[in-house]
Amino acid sequence: DYFLMPDDALAVVIGDVSGHGFGPALIMASVHTLIRALSQRYCDVSDILQHANRFLCEETADHFFATVLFARVDTRSQRLEYASAGHPPGYLIGRDGEVKRWLESTSHPLGMFPDIGFPTSDPIHLESGDILVLVTDGIEEARKPNGELFGRQRLIDVVRRHRQRSAQEIARRLCRTAREFAGRITPEDDTTAVIVRVLE
């Protein structure tokens, strides 16, 4: 999801929930609604994830948890900060196609421990041509019948190859390439990509 926060910062959020089927889908819908609502009241990413975590710990079964990466982009100063609740790493890829920064997890998934914090990163300055790449694990973990994984390097290579295209087209090609690699029409796991391009 992506939306404006009360201070006009751009929120970019990606998440995944443990398990498959109807129950996990309901949990994910709840997380989505909860984060949207909290983001209209709070501007601090850490506070938003802490409130969401406490709610999930109280309201869901022990075996359900959700990973979330929440990035907040101040479009005026071109600075990004994020917190990641156990989500797979994001990538900041520069104009030249090289990885400038890994957006590693900063805490545990939501719904596991009620009293933990969700530290935010130091501010990251964004430059013209930068591409922010957020994915669910279904892309890197797409696998061929022989067990070979799509992996991190192939993901980076796809973005690098298409970095001059629109954000929508990069996301489309990344998901399609991962599915084609696995040789499946319907993937084993969700394959979601969110792309943000920093324009001139």
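The values are calculated or read from the model by the stated rules, or taken from the named source; none is laboratory data. Because the structure is a prediction, the values reported are computed rather than measured. A quick note on method: Cβ atoms are made from the backbone with ideal geometry, for glycine too, and the neighbour counts reach across all protein chains shown. Heavy atoms of the whole protein, side chains included, go into the accessibility calculation; ligands, DNA and RNA do not. Shrake-Rupley method; radii C 1.70, N 1.55, O 1.52, S 1.80 Å.
So if each residue of separation counts as 0.36 nm, and I subtract the Cα-Cα distance between His125 and Arg101, what length gain in nm does that give? Let's see the in-between values first.
On the way: separation 24, 0.36 × 24 = 8.64 nm, distance 1.07 nm.
Contour length minus the Cα-Cα distance gives 7.6 nm.
Quick one: which of 144-154, 166-176, 80-90 comes out on top by average Cβ neighbours within 10 Å, and what's the full order, highest first?
Details: 144-154: 12.4, 166-176: 16.4, 80-90: 23.3.
Ranking the peptides 144-154, 166-176, 80-90 by packing returns 80-90, 166-176, 144-154.
Leaving out ligands, DNA and RNA, and with a 1.4 Å probe, what % of the accessible surface on the stretch 1-104 is carbon or sulfur? The partial results should precede the final answer.
Values: 2630 of 4970 Å².
Within the stretch 1-104, the accessible surface is 53 percent carbon and sulfur.
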Rounded to a whole number, the Stokes-Einstein D of the stretch 1-100 in µm²/s (Kirkwood radius over Cα pairs; 10 °C; 1.306 mPa s) is 110
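Checking understanding here: applying a Kyte-Doolittle mean of at least 0.5 and a length along the axis of at least 15 Å (C-alpha), which whole DSSP H helices in the chain pass? Don't jump to the answer; show the numbers that get you there.
Values: long enough: 22-39 (26 Å, 1.26); 45-59 (21 Å, -0.17); 151-161 (16 Å, -0.79); 167-182 (23 Å, -0.53).
Span-like helices here: 22-39.
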Rounded to the nearest Å, the spacing of the alpha-carbon centers of the stretch 138-200 and the stretch 15-68 is 25
Counting only backbone N atoms under 16 Å from a point 7 Å out along Cα-to-Cβ of Gln153, the residues of the stretch 73-104 in range are 98-99
Quick calc: nm separation of the 7 Å Cα→Cβ label points for Arg176 and Asp1 -> 2.9
accessible surface per residue for the stretch 46-200, probe 1.4 Å, DNA/RNA/ligands not counted, whole Å² -> 50
Between the modelled labels at Arg36 and Ser77 (7 Å from Cα along Cα→Cβ) the distance in nm is 2.9
Note on the stretch 57-156: the mean projected area of its alpha-carbon convex hull, in nm², is 8.2
Computed over the chain, the Cα gyration tensor eigenvalues, each multiplied by 5 and square-rooted, give semi-axes in Å (largest first) of 26, 23, 13
